[in-house]
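The next block holds one structure in the form of structure tokens; read it before the comments.
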Amino acid sequence: MALFLQTTFLTSSSSLRQKPCLSSWASHISSSRTRTRTRVHAKIREIFMPALSSTMTEGKIVSWVKSEGDKLSKGESVVVVESDKADMDVETFYDGYLAAIMVEEGGVAAVGSAIALLAESPEEIEEAKSKAASSSPATSPAPAVAAAPVSESTTGSGAVEKAVVVTPPSPSVVASAVHPASEGGKRVVASPYAKKLAKDLKVDLGRVIGSGPNGRIVAKDVEAAAAVAAELGSPAAKVSAAPAVQAPPGIELGSVVPFTTMQGAVCRNMVESLSVPTFRVGYTITTDALDALYKKVKSKGVTMTALLAKATSLALVKHPVINSSCRDGNSFTYNSSINIAVAVAIDGGLITPVLQDADKVDIYSLSRKWKELVDKARAKQLQPQEYNTGTFTLSNLGMFGVDRFDAILPPGTGAIMAVGASQPTVVGTKDGRIGMKNQMQVNVTADHRVIYGADLAAFLRTLAKIIEDPKDLTF
């Protein structure tokens, strides 16, 4: 659902209709009629940068759906704004004409600042453009990412300095022309493996200094020479079998990259979380029964994320303090809904889509909802209520083979659980034998102002019982 643009009036020209008056009484009547007949001919409205979430302080213009001079109708999309969490279409409250765009595509503006002017009629477009030109911009363009110039630089005095050209060392830096193992340059003394390695790496043994007995060249000498030659780009020794590691496409090494809007929001939230006193508790859970259930219902569209969210929500029902939150430092709230936020990595940041009322929704509907949320998150189309209403957070890195990790508590919530991979583990059975079970490690980070160690231990014990006997997850 698109949001509406906020607008306000700018004062503009107006005309008053008055009748000539011959007496004070007539003057009084005339002034009364004047007040009732006052009409504003020009209505020019400022279009503000809207607040698309509670944490948004500025927004970036992704694209203008309309151009200057286009006629707008109430409820029509005008601009796409990138907030700290998603890209959203923004609609206008009023009919009119998009008179002047004050923040171009790619520009960043603070919430509440003017990004465009809306005119009521075509006659006021020029006047709006004049106002836009005369008003100081409340926006900053999106920082351009560019590599630092390498040919010249400007000093503080305005003089241009030549770049320093670094000349690669001569081949003697890599090795001397004649070394002890070469016997006057006639024969090279090297181990058989060093000779084979030099042939594979195309290293000239005549330029390698040996570190073995009596200057004998060994394998590590060849490898070192090949590495140095590769770094310096020396034609004397080129490595064809082991090319230099290239940076991923789109990444320019050495460049300074400003935060995106989403990365800036993540940065602020992480810094804010440092003010909360937290503690961590880990627990090992056997997942054999959960794995068997997943194999049975996977073909019906059920995801492991949905199963973990469902299990967590059922445990939270029995331990409401873990689902609580403290925002002001003076009190805490027992949240009435169990909304499981799940961390999702997307291009350029991290977002936490929310499975609302996870304890009340069946596992099949929960899985369908999760797939829908992930698709919207990766398309940056999540609505605010779909990512900022979480009461408990899950962060799962098990699919990457991570066996354990700690997560940072999101501001405004009571706890976050980090889920590791389920792995075969040798365990001792109750009858004294050795067996094999699949186990995963979960670590919970909690707000110690509200949640205590015994609370968290009881919650994790309940969660383990649900996962180890998951019959209730499919009801």
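The values are calculated or read from the model by the stated rules, or taken from the named source; none is laboratory data. Nothing here was measured: the structure is a model prediction, and the numbers come from that model. For neighbour counting, all protein chains shown are included, and Cβ atoms are generated from backbone atoms with ideal geometry for every residue, glycine included. When the accessible area is computed, the model is the full protein with side chains, heavy atoms only, and any ligands, DNA or RNA have been set aside. Shrake-Rupley method; radii C 1.70, N 1.55, O 1.52, S 1.80 Å.
Tabulated data
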{"item": "Close pairs from segment 271-300: first free of Cβ contacts under 8 Å to residues at least 60 places away in the same chain, partner aliphatic (A, V, I, L, M) and outside any strand (DSSP E or B), Cβ under 8 Å, at least 6 apart", "result": "TYR294/VAL302; TYR294/MET304; TYR294/LEU307"}
{"item": "Test result for ALA446, among the small types (Gly, Ala, Ser), crowded, with 22+ Cβ neighbours inside 10 Å and touching a strand residue (DSSP E or B) at 6+ places or on another chain (Cβ under 8 Å)", "result": "yes"}
{"item": "Candidate set from segment 454-464 (those that are in contact (Cβ under 8 Å) with a residue 40 or more places away in the chain, open to solvent by 10 Å² or more (accessible area, probe 1.4 Å) and not charged (D, E, K, R)); member that is farthest from HIS319 (Cα to Cα)", "result": "ALA457"}
{"item": "Inter-residue pairs, beta-carbon under 8 Å, first acidic (Asp, Glu) and in segment 252-263, second surrounded by 10 or more Cβ atoms within 10 Å (Cβ to Cβ), 6+ apart", "result": "GLU252/VAL145; GLU252/ALA147"}
{"item": "Selection within segment 420-453 - within 17 Å of HIS319 (Cβ to Cβ), hydrophobic (A, V, I, L, M, F, W, C) and not in a strand (DSSP E or B)", "result": "VAL450, ILE451"}
{"item": "All positions within segment 80-94 that are more than 22 Å from the chain's Cα centre (by Cα) and open to solvent by less than 30 Å² (accessible area, probe 1.4 Å)", "result": "THR92"}
{"item": "Any hit, segment 326-335, residues being in a strand (DSSP E or B) and under 30 Å from MET56 (Cα atoms)", "result": "yes"}
{"item": "Candidate set: segment 258-276, residues that are hydroxyl-bearing (Ser, Thr, Tyr) and not in a loop (DSSP other than H, G, I, E, B); chosen: the one nearest to VAL108 (Cα to Cα)", "result": "THR261"}
{"item": "Candidate set: segment 322-344, residues that are touching a residue at least 12 places away in the same chain (Cβ under 8 Å) and over 20 Å from SER395 (Cα atoms); chosen: the one least open to solvent (accessible area, probe 1.4 Å)", "result": "CYS326"}
{"item": "Set ILE434, ILE467, ILE451: member being in contact with a strand residue (DSSP E or B) (Cβ under 7 Å, 6 or more places away or on another chain), β-branched (Val, Ile, Thr), more than 26 Å from VAL266 (Cβ to Cβ) and touching a residue at least 40 places away in the same chain (Cβ under 8 Å)", "result": "ILE467"}
{"item": "Residue check, ILE434 β-branched (Val, Ile, Thr) and open to solvent by 70 Å² or more (accessible area, probe 1.4 Å)", "result": "yes"}
{"item": "Selection within segment 287-312 - among the hydroxyl-bearing types (Ser, Thr, Tyr), assigned to a helix (DSSP H, G or I) and more than 26 Å from the chain's Cα centre (by Cα)", "result": "TYR294, SER299"}
{"item": "Lone qualifier among LYS295, LYS360, LYS300 - being exposed (fewer than 14 other Cβ atoms within 10 Å of the Cβ), of a type in the set (D, E, K, R) and touching a helix residue (DSSP H, G or I) at 6+ places or on another chain (Cβ under 7 Å)", "result": "LYS300"}
{"item": "Count of residues meeting criterion [open to solvent by 70 Å² or more (accessible area, probe 1.4 Å) and out of contact with any Asp or Glu (no Cβ under 8 Å at 6 or more places or on another chain)] in segment 365-402", "result": "9"}
